[in-house]
Amino acid sequence: MNTKAIGRMSINITNSIVNNTVLVIIVLLVAFAGYALWDSNQLHMGADKSNYSVYKPTQADNGKSFKELQDINDEVFAWLTIYGTNIDYPVTQGPDNMKYVNTNAEGQYSLSGAIFLDYANSKDFSDFNNILYGHHMARNVMFGEIGEFSDKRKFDSHLYGNLHFNDQDHGIEFFAFLHVDAYDRTVFDAGVREEHWQSYLDGLLDKAIHIRDIGITINDRIVLLSTCSSDSTNGRDILVGRISDASYENNLNNNNNEREAATNNNGISIVRKIPLWALILVMVLIARLVVIILDVSNTRKRVEIYET
């Protein structure tokens, strides 16, 4: 075998190694990206409020469907709704504040968790300060919208919510929005003792970014909706409201909010409906296309080499 033939063989072998390496890398990247996208959509789809809407208690059915959810998970005891948002979920309470970080309202393992009441609070919301926790998630699921109340226009336009417990609807009137540190014990002290009620309330109002004067006093009961903040590592966004025995009329149309979310997530909604096997098929087709392109490129190189 002459030197020229050996040189051609070396070039072909080198091209083959490089092309196969590139192909493997591309296939792995496409596979990882496709799986990550699918997995992310599965996570958000599992946390969407529509999964629980069938269980939502109403005065019409006297909580029949809600009772069905409680039969599935007896740690579900309330339902939270914030008018004009996608926050419309069952509320749980575990033996500690860790269980429902990774457990959904049906008692199943889920990274999206559930909305849960601090384990130190009473389930009848009879404490002066009651703290509800939920994950900050994209696409307006779980407590993903709480941070948007930092915008004063949203804070000023979304005044009310509803808290259903003990087979009754109770109104929530929001009066403050805070951004605090996760380790601030002056805020995260559920069921604070009576002698500290005034100092606790004063502390909240001092830390508040936005305040609405509704005549709040220590004779009221308040609820704090807490979630992680996207602005800082240990930051927490908190929407604070007063619980009343009388419920408030929904003064906002949730349909506008849902249409906006649907518009923003149009492409995402399509991906949600794509099964995993279809994504794998797309990856295989992309990989095959890459192989064809590389083969054509190699053929041209070989032709150029032989012509010289």
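Every listed requirement among (1) under 23 Å from Asn166 (Cα atoms); (2) buried (at least 20 other Cβ atoms within 10 Å of the Cβ) is met by Tyr119 save one, (2).
Scanning the stretch 199-209 for residues that are crowded, with 17+ Cβ neighbours inside 10 Å and part of a loop (DSSP other than H, G, I, E, B) turns up nothing. As a summary of the residue check, Ile214 satisfies the conditions (1) in contact with a Lys or Arg (Cβ under 7 Å, 6 or more places away or on another chain); (2) among the β-branched types (Val, Ile, Thr); (3) surrounded by fewer than 17 Cβ atoms within 10 Å (Cβ to Cβ); (4) closer than 23 Å to Ile115 by Cβ except for the one numbered (4).
The strands (runs of 3 or more DSSP E) found wholly in the stretch 84-164 and carrying at least 3 residues that are in the same structural domain as Thr217 (by TED's automatic domain parsing) and touching a residue at least 60 places away in the same chain (Cβ under 8 Å) occupy 129-133. Against the numbered list (1) buried (at least 20 other Cβ atoms within 10 Å of the Cβ); (2) at pLDDT 95 or above; (3) not hydroxyl-bearing (Ser, Thr, Tyr), Met142 comes up short only at (2). Scanning the stretch 160-178 for residues that are touching an Asp or Glu at 6+ places or on another chain (Cβ under 9 Å), of a type outside the set (Phe, Trp, Tyr), surrounded by fewer than 20 Cβ atoms within 10 Å (Cβ to Cβ) and farther than 30 Å from Lys67 by Cβ turns up nothing.
The values are calculated or read from the model by the stated rules, or taken from the named source; none is laboratory data. Predicted, not measured: the structure shown is a model, and the values here were computed from it. Glycine gets a Cβ as well: all are built from the backbone with ideal geometry, and neighbour counts include every protein chain shown.
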